[in-house]
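Below you'll find the structure, written out as structure tokens, and then a few comments.
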Amino acid sequence: MLYQKLILSSKIGLPKLMSLNIRAMSVKSTFLQIDELGEPHKVLKKCETQLDSPKDNEILVKMLAAPINPAVINIIQGKYGESPSLPFIPGNEAVAEVLKCGQNVKNVQIGDRIIPIGGHVGTWRTHAIFTGQDVLKVPDNVDNVNAATITVNPATAFRMLRDFVDLKPGDTVIQNGANSAVGQAVIQLCKVWNLQSVNVVRNRPNIDELKAQLKSLGATEVLTEEEIRTTALFKSKQIPSPKLGFNCVGGKSATNVMRHLASKGILVTYGAMSREPLTIPNSALIFKDISFRGFWVSKWSKEHTLEERQQMYNELFELMASGKFAPPVHRLIPLDEYKEAMIELADVKGMIGEKILFDFTK
Ligand code: NDP
């Protein structure tokens, strides 16, 4: 079950004197919440509560930025692999500043920037209380957007490139949905690890601009869905056939990607943006023995130790700090604009072209 770590200050039943003390130290938190599943712009509502001082292992944080990820939209809609217990505060990652620490907290201090690493902890709120062990300190030279988005998309790209095929420098990776935040992370990690990336995107009026932007991140090739069907890139041996493919979309787009995989190649499905099922040509299995795998970062995180996760985040933080890993193309909006953002993101046509994050700094 998804869990939410909203530690609300219940004043009920407290002796009057104590209640007054707590109130004097409390901080107002404004947050988004759902009481029922449904379309986000209809079921999300803005609420307020007072948060008390953090106790023992707890820390009080002020949120700085939190992304609106597709998975969170799907959770609110009730179309995800796990159901939240209601009421539910959405948001699965963020960057925040520590305002106050409980007496037993050792890993962070007041003024540090942190990221929560507990998954769906409810980050669409101005202030929160987390447990000290469930956060990681962010290095000074990592920007807020990179930090706020590290645990989901870069982590997914990192694991999918490391855990399915033993890739060597010069090997090729192919992916659809290449302009997604995960896709941009794949492109950048491929560049850092000397892998070639062939990137498939949907056609659009400003396609040349999008191709140039992905190439500036390090993409070897960027092709539209139409171009990938007929490309001679691999037959001409200009680029070796990909040993590994990533599927963010499903449907025909996934079929187009799998057709180019090398013999015994692996297609990893991690997203289903078109909401269409995979169609696998018999020939992909008979003649090329292609394997089909799946990846879910939440499951990976549950099945791996804090040390393993920390090691990955540290590697990613280093790349971010050294300028080798740019944040996704993004737009920052105030929490108050949540309804407009939800309507925009629910549009099945997509083509939004940027990750939207709540900005709590203004
Ligand atoms: P972004 O919001 O950054 O990007 C969305 C992508 O989906 C864009 O490339 C967009 O392309 C494409 N898209 C949107 N609608 C459609 C459509 N109808 N048909 C085809 N493509 C479409 O998303 P993220 O990078 O945050 O996430 C991408 C996907 O990966 C999501 O499904 C998300 O849930 C999943 N994900 C899964 C993880 C896992 O562990 N399994 C972890 C992280 C993400 P366009 O510009 O053409 O609209």
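The values are calculated or read from the model by the stated rules, or taken from the named source; none is laboratory data. All values reported here derive from a predicted model rather than from experimental measurement. Positions of Cβ are backbone-derived with ideal geometry, glycine not excepted, and every protein chain shown enters the neighbour counts. We work out accessible area using only protein heavy atoms, side chains counted, and drop any ligands, DNA or RNA first. Shrake-Rupley method; radii C 1.70, N 1.55, O 1.52, S 1.80 Å.
Which value, to two decimals, describes the C-alpha radius of gyration of segment 72-209 once divided by 2.2 N^0.38 Å?
Details: Rg = 18.1 Å, N = 138, 2.2 N^0.38 = 14.3 Å.
My calculation over the Cα atoms of segment 72-209 gives 1.27.
I'd like the antiparallel share, as a percent to the nearest 5, of DSSP beta bridges with both residues in the chain. Numbers along the way, then the final one.
Values: 28 of 53 bridges.
Within the chain, antiparallel bridges account for around 55 percent of the total.
Would you mind getting me the FRET efficiency between Asn282 and Lys28? Use the beta-carbon distance for r and R0 = 56 Å, nearest 0.05. Before the final figure, lay out each step's value.
Numbers: r = 61 Å, r/R0 = 1.08.
Efficiency for this residue pair is about 0.40.
Could you sort 343-349, 228-234 so that the peptide with the highest average Cβ count within 10 Å comes first and the rest follow in order? Each step should come with its number before you reach the end.
Working: 343-349: 11.6, 228-234: 14.9.
Packing order, densest peptide first, comes out as 228-234, 343-349.
Give me the distance in nm between label points sitting 7 Å out from Cα along the Cα-to-Cβ direction at Gln311 and Asp166, one decimal.
Those two pseudo-labels are separated by 1.7 nm.
Testing the spin-label approximation: label points 7 Å from Cα along Cα→Cβ at Lys106 and Asp35. State their distance in nm.
4.4
Round to the nearest 10 and report in Å² the accessible area of Met63, as given by a 1.4 Å probe over the protein chains' heavy atoms.
0
List the relative contact order of the chain as a percent without decimals, with contacts defined as Cα pairs under 8 Å and 6+ residues apart. If you can, show how the numbers build up before the last one.
Values: 724 pairs, mean separation 56.7, N = 362.
After rounding, I find 16 percent.
Taking R0 as 41 Å, what FRET efficiency do you get between Glu340 and Val192 from their Cβ-Cβ distance, rounded to the nearest 0.05? Provide the component values of the computation, followed by the final result.
Values: r = 36 Å, r/R0 = 0.88.
Calculated value: 0.70.
With no solvent and one point on each alpha carbon, what is the Debye value of log10 I(q)/I(0) for segment 153-298 at q = 0.09, 0.17, 0.19 Å⁻¹?
-0.23, -0.88, -1.14
Sorted by mean Cβ packing within 10 Å, highest first, what order do the peptides 142-152, 290-300 take?
On the way: 142-152: 23.2, 290-300: 16.0.
Taking the mean over residues of other Cβ atoms within 10 Å, the ranking is 142-152, 290-300.
Quick one: putting +1 on the C-beta of Lys and Arg, -1 on the C-beta of Asp and Glu, what dipole do you get for the chain around its Cα centre, in Debye to the nearest 20? Working shown, then result.
Details: 43 positive and 37 negative charges, 58 e Å.
Here the size comes out at about 280 debye.
Over 12 Å apart: what share of the alpha carbon pairs of segment 265-308 falls there, rounded to a whole percent?
Working: 672 of 946 pairs.
When every Cα pair of segment 265-308 is considered, 71 percent fall beyond 12 Å.
Once both labels are modelled 7 Å past Cα along the beta-carbon direction, what's the Ser83-Asp143 spacing in nm?
So the label points at Ser83 and Asp143 sit 4.1 nm apart.
Give the span of the chain's Cα atoms along each principal axis, as three whole-Å numbers ordered largest to smallest.
Here the Cα extents, ordered largest to smallest, are 79, 39, 36 Å.
Grab the Cα-Cα distance for Ala232 and Lys215, subtract it from 0.36 nm times how many residues apart they are, and report the gain in nm with one decimal. Provide the component values of the computation, followed by the final result.
Numbers: separation 17, 0.36 × 17 = 6.12 nm, distance 1.94 nm.
Net length gain for the segment: 4.2 nm.
Length gain on complete extension for the stretch Lys42 to Glu354, per 0.36 nm per residue less the alpha carbon to alpha carbon distance? Numbers along the way, then the final one.
Numbers: separation 312, 0.36 × 312 = 112.32 nm, distance 2.27 nm.
Gain in length upon complete extension: 110.0 nm.
So for the chain, taking the charge dipole from beta-carbon charges (+1 Lys/Arg, -1 Asp/Glu), which of Ile117, Leu285, His330 sits furthest toward the positive end?
Leu285
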